[in-house]
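The values are calculated or read from the model by the stated rules, or taken from the named source; none is laboratory data. All values reported here derive from a predicted model rather than from experimental measurement. With ideal geometry, Cβ positions are generated from the backbone for all residues, glycine too; neighbour counts draw on all protein chains shown.
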Amino acid sequence: MEVREIIFYRTQPHDCGYIDKQKATNVVLDPAFEPSAKLYSQLVESGFRRSGNYVYRPDCAQCYACISLRLPVADVRFNRSQRRIIKRNADIDVNRLQVSYYPEHFALYRRYLSARHPGGPMEQHSKTEYMGFLRSKKIDTGLFEFKLGTQLLAVAVVDYLEDSLSAVYTFYDPDYAERSLGIYAILQQIEEARRLRRKWLYLGYWIHDSDKMRYKTDFMPTEAYLIDNWQRFETAQELPLRYNGKLTSEPS
């Protein structure tokens, strides 16, 4: 396979961005290598993610909290809360755009980070850093733009892969939190994957101990990448909290 022809590195331990007082280590694709769409699809299927051209997977020696999730979109059942969110946002126009620099998007991105992640490393991103974070040269990436009339409310960044979509990042106007725009963006991506007859929507990593990630288990059924294999779960209660060579329902 193409994956075997490239080089991976392991990073030095660094502060975890999700769990306090925890050190993290990643396996990363050789930064000098630009993956094709086909290769990146294979890597995502093996639990990898990207941030710009940086392709990585957590590989922490003593912590197994990061679990990659994907949704089998044909089978996902919207719950009552999600149906209410769809109805609440029926007045929003959803536009699909190619990745490019839009000043209005960048202004919303900076505002979102200041409100949701103050003091974080991304908060002071320049225009160049912002665009480098969103796109990768050989991967087909699109934007979902959510507007209420002429007002921009949210932007979702999505990778279009061989048999799936991958949710890269979503940012939204913090003054409209009652609309649950992050959830609404995922619902729209599920519908897009169904329209294109793609099998899965990749949601990235879920961490039970991170409150900011718990929304990902509101979508069911889901599949989790555990012990180098995707396993299906019909309810959130069935998901392991973490694993270390075997599935566990209690923190290690």
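At a glance:
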read-out	value
Wholly within the stretch 157-236, strands (runs of 3 or more DSSP E) carrying at least 2 residues that are under 15 Å from Gly47 (Cβ atoms) and free of Cβ contacts under 8 Å to residues at least 24 places away in the same chain	229-233
Some residue of the stretch 78-88 being under 20 Å from the mean Cα position of the chain (by Cα), part of a loop (DSSP other than H, G, I, E, B) and at pLDDT 95 or above	yes
Where a residue in the stretch 32-51 is more than 15 Å from Tyr9 (Cβ to Cβ) and its partner, wherever it lies, is assigned to a loop (DSSP other than H, G, I, E, B) and of a type in the set (A, V, I, L, M, F, W, C), with Cβ under 6 Å and at least six apart	Ala37/Ile139; Tyr40/Ile139; Ser41/Leu161
In the stretch 43-58, the residues that are surrounded by 17 or more Cβ atoms within 10 Å (Cβ to Cβ), at pLDDT 90 or above and not in a strand (DSSP E or B)	Leu43, Val44, Glu45, Gly47, Phe48
Residue match in the stretch 115-138 (condition: out of contact with any strand residue (DSSP E or B) (no Cβ under 9 Å at 6 or more places or on another chain), assigned to a helix (DSSP H, G or I) and of a type in the set (Val, Ile, Thr))	yes
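A quick yes/no check of all residues on (1) part of a loop (DSSP other than H, G, I, E, B); (2) modelled with pLDDT of 90 or more:
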| site | (1), (2) |
| --- | --- |
| Val3 | no, no |
| Tyr9 | no, yes |
| Tyr18 | yes, no |
| Val28 | no, yes |
| Ala61 | yes, no |
| Ser68 | no, yes |
| Leu71 | no, yes |
| Arg96 | no, yes |
